[in-house]
DNA sequence: GAACTCTTGGACCGGATGGTCCAATATTGT
DNA sequence: ACAATATTGGACCATCCGGTCCAAGAGTTC
């Protein structure tokens, strides 16, 4: 990892590299982005890349993953923190949709990353999977609170439901990337929320948007 | 495309290449699989690769996509053909789950392919997206038949529901690849079917598995 | 069996890529 | 001011990779 201490200038350069590299990787994937591309896109030199990321491309990719994770978690606030009312889930849905609609390129920076890394850099992939689990954990925690609060039936399985909702998010984003439209994510989230509502106690009404 | 006519021996060699290359790409991705890997994995020579795939790697990748598409569509039969009863959907779910559980590696050969190609080979990506749309079209057609048969409410939107179900499939497979477990796909499919049932006319009962 | 086509082997090439290294310059701390 | 450390530029390298080419072998057709 980065062993040497960073001055303010150094930290700024590092941030510039990560941010630009994140955009490149989002647009063209890890394999499609060379370190020379990053160098050209940040007006830096080869030595700087390896100065701030001694581990080379792998370490840079991990830094990108961390940045993207931070961004997407941030975009889901304040809803993600609680997610213990139906209104929270609706707000969460809208926030997520708005975030990805505003993104310069389609697709999920984390999902595509992990899908590519699994086959080429298992060690890095494992770290990124950890991030995915952290994200998914927030959804599960919210569902646990919903169940404890009586908004879900006692026999509802938060772990399983969170997995399903998260799959809808990732799948929606994959299709969003493939079809170059936000529609798939929107449809996927609606269906996921519908499925959640189906786990509410009897008598609970839900109008699909 | 392949211009010269193929003898039986030639066709066999071509098939062997595509089949082995499909496994390699599934395991390590397009970027992680070199033509030399394919050559070594099929006991062929460089010239054969370019003899049967004059378009080079792109053309080989397209052939792989076609093969994988054929396989996955086949695995969903006979349910995919109709999908006009709830029993069909249950059967479809089980068939899909069984297919991917039996696969030598986790993940969707088509989904990961398209997510990787979008950034590096847009032309090939477009073709593969066409395959995805064909698959999704079958789901939509089934939902249209369900609606026409009164098993879905008249105001249900088959296009939108198909998108959501398909997103669950792809997202489930992405997580299946990341977490190296079939659970995510199972949970995603269950939730997707639950959401479908929510579009059934009033009075319709559905017991979540 | 001869002419033709399909198939196969493998050497070779040019360019891209990840990574190393060293020297020069700026910054920091005392 | 001066030493130590952080930052920067860029030449250089070994390797990998997609792709080309030619010549020899196998199979088909008449």
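Just so you know, all these numbers are worked out from the coordinates, no wet-lab data involved. Values in this document were obtained by computation on a predicted structure and should not be read as measured data. Using ideal geometry, Cβ is built from the backbone for each residue, glycine included, and neighbour counts are taken over all protein chains shown.
Give me the percent of Cα-Cα pairs in chain A that sit more than 21 Å apart, rounded to a whole number. Across chain A, Cα pairs with separations above 21 Å total 57 percent.
Computed from Cα positions, the angle between helix A:8-28 and the longest principal axis of chain A comes to roughly 60 degrees. For B:110, B:64, the sequence from fewest to most other C-beta atoms within 10 Å is B:110, B:64. Rounded if a/c is under 1.5, else prolate if a/b is larger than b/c, else oblate: which is the protein assembly as shown, with a ≥ b ≥ c the root eigenvalues of its Cα gyration tensor? Cα axes put the protein assembly as shown in the oblate bin.
Computed from Cα positions, the angle between helix B:57-75 and the longest principal axis of chain B comes to roughly 40 degrees. Rounded to the nearest 0.05, the FRET efficiency derived from the C-beta distance between residue A:87 and residue B:51 at R0 = 51 Å is 0.25. Each Cα pair under 8 Å and six or more residues apart adds its separation to the average, and for chain A the resulting relative contact order is 18 percent. With neighbour counts taken as other beta-carbon atoms within 10 Å, the residues A:45, A:186 rank, fewest first, as A:45, A:186. The same position residue A:104 in the other copies lies at 4.0 nm from this copy, comparing label points 7 Å beyond Cα toward the beta-carbon, shortest first. Position residue B:150: other-copy label points at 4.0 nm, ordered by increasing distance, label point 7 Å along Cα→C-beta. Going by neighbour counts of Cβ atoms within 10 Å, the residues B:117, B:174 line up, fewest first, as B:117, B:174. Approximating the spin labels as points 7 Å out from Cα along Cα→Cβ, the residue A:180-to-residue A:153 distance works out to 4.4 nm. Spin-label pair residue A:16-residue A:98: with each label point 7 Å from Cα along the Cα-Cβ axis, the two points sit 3.2 nm from one another. With both labels modelled 7 Å from their Cα along Cα-to-Cβ, the residue A:36 to residue B:6 distance reads 3.6 nm.
With the label put 7 angstrom out from Cα along the Cα-to-Cβ vector, residue B:11 ends up 6.7 nm from the copy partners, going from closest to farthest.
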